[in-house]
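Inspection log for the structure reproduced underneath, given as structure tokens.
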Amino acid sequence: MLTLLAALLAYSLMNSSSKIHIGTAGWSYRDWEGVFYPSGMHHRKQHPLDLLAQCFDVVEINTSFYGHIKPHLAKLWTRRATAVNPKFTFTAKLHRSFTHNPLAVMEPTSAASIRPNDEDEQLAREGLEALAGEGRLGALLIQFPVSFKNTSLNREYVEQVARQFIEYPRVVEVRHETWNNPETIDYFTQRNIAFCNIDQPLIGRSMGATEHVTSALGYVRLHGRNYDQWFEAENSHDRYNYLYNEVELTGWKDKIERIARKAEITYVIANNHFEAKGAVNALQLRHMMSGERLKAPEPLLRHYPDLAKIADPVYESGAGSELPLLA
């Protein structure tokens, strides 16, 4: 009987891990060259996704927050990624015109201060449709800042923008603790909006770690815990200069597995991107979930030698990998 229960438990965990997709937020960072990518790669006929897609099966597009996705680029990205990994998919941030006060650095964001226009919607849709048309859009992330509080006006706006893009799997990220209550979870569930569970520095009334599932989609974003630089960083990338340790990752592993048991599919995105630390933690989480050895870029293994315990190198030429770097 105990043997049967152990087998059922093992099957349950394996089944949950197969529904969990772990990757990074973005792939194009200057500080990744020579750390994740080979030095000088951008001067060759290569694309970063040629390598990234060999190591992960999802990536969150974050440039779409700053500028709308160009359809021809979306098609290029899907072609390059799926050439080396047919299971690869993308999630994408909605443009900031829908989620942030244009003066968000100086003023708080609320529904009254967010001002998207018809052109923003048209351009956002063109890029999202290009991804969805290729069958590669896993989710649309609608990310609000910590100043966006749980008020009746803001709840109405969340519903409005979620309805505006109802044809896509929608995930809403809110960061203020006023959203973390049973009423909000019920509100999201009734509207089939996925709740984004986040890890962030707990400063003031920032939301703590959650494990809510409010639709068929589970979503987790790990921002790091760089308390000193979170609001005071001179350079925006400094706030994401954080490497999770094993104890911290184990805590999230347990949460992710519980989320995955309730959701049909779960995306886990490491946003602590400075010097590819998010890629390191994403690989570590993948190994924790599957127990299997993984593939990692040779520069990353040099820069973070502890990864050699769980990963083998993917070389620039494709040696040591079944999937060639050049698509």
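Throughout, read-outs are computed from the coordinates displayed, never taken from laboratory work. Everything numeric in this text was worked out from a predicted model, so none of it was measured. All Cβ positions, even for glycine, are placed from backbone atoms using ideal geometry, and neighbour counts span all protein chains on display.
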Across the range 135-147, in residue order, what do the Karplus-derived ³J(HN,Hα) couplings come to in whole Hz, using 6.51 cos²θ - 1.76 cosθ + 1.60 with θ = phi - 60° and x for Gly and Pro?
x, 10, 9, x, 6, 10, 8, 10, 9, 9, x, 5, 6
In straight Cα distance, which lysines are under 25 Å from LYS253, not counting same-chain residues fewer than 8 positions off?
LYS19, LYS87, LYS93, LYS262, LYS277, LYS295, LYS309
Hey, how many Å between the Cα centroid of the range 67-122 and the Cα centroid of the range 191-226?
19 Å
Which FRET efficiency, nearest 0.05, do ASP31 and LYS309 yield, Cβ-Cβ r, R0 22 Å?
0.35
State whether the range 109-207 is rounded, prolate or oblate according to the following rule on the C-alpha gyration tensor (a ≥ b ≥ c being the square roots of its eigenvalues): a/c under 1.5 gives rounded; otherwise a/b larger than b/c gives prolate, and the remaining case gives oblate.
prolate
Per-residue [θ]222 nm for the chain (sum of -39500 (n - 2.57) over DSSP H runs n ≥ 4, rounded to 500)
-11000 deg cm²/dmol
Anyone know which of HIS72, HIS100, HIS21 comes out most mobile in the 10 Å Cα GNM of the chain?
HIS72
On full extension of the chain, what length is gained from THR250 through LYS87, given 0.36 nm per residue of separation minus the C-alpha to C-alpha distance?
56.1 nm
Starting from the Kirkwood Rh over alpha-carbon pairs, what translational D in µm² s⁻¹ does the chain have by Stokes-Einstein at 37 °C and 0.692 mPa s?
161 µm²/s
Of the DSSP H helices in the chain, the ones reaching 30 Å or more along their long axis in Cα terms and averaging at least -0.5 in Kyte-Doolittle hydropathy are none
Per-pair calculated FRET efficiency, R0 = 22 Å: LEU202 and ARG155 via Cβ, rounded to 0.05:
0.40
Projected label distance in nm at GLU126 and ASP238, using a 7 Å step from Cα toward the beta-carbon:
3.8 nm
What ranking, highest mean first, results for peptides 112-122, 304-314, 51-61 when packing means the other Cβ atoms within 10 Å averaged over each residue?
51-61, 304-314, 112-122
Calculated FRET value between GLU298 and LYS45, using beta carbons and R₀ = 22 Å, to 0.05
0.70
For a paramagnetic label modelled at 7 Å from the Cα of ALA209 toward its Cβ, which residues of the range 238-262 fall within the zone defined by backbone nitrogen distances under 17 Å?
242-261
Using 0.36 nm times the number of residues separating HIS72 and THR178, minus their current alpha carbon distance, what extension gain do you get?
34.2 nm
Can you bin the range 145-298 into rounded, prolate or oblate? Criterion: square roots of the alpha carbon gyration tensor eigenvalues sorted a ≥ b ≥ c, rounded for a/c under 1.5, prolate for a/b above b/c, oblate for the rest.
oblate
Please arrange ARG221, ARG258 by how many other C-beta atoms lie within 10 Å of their C-beta, fewest to most.
ARG258, ARG221
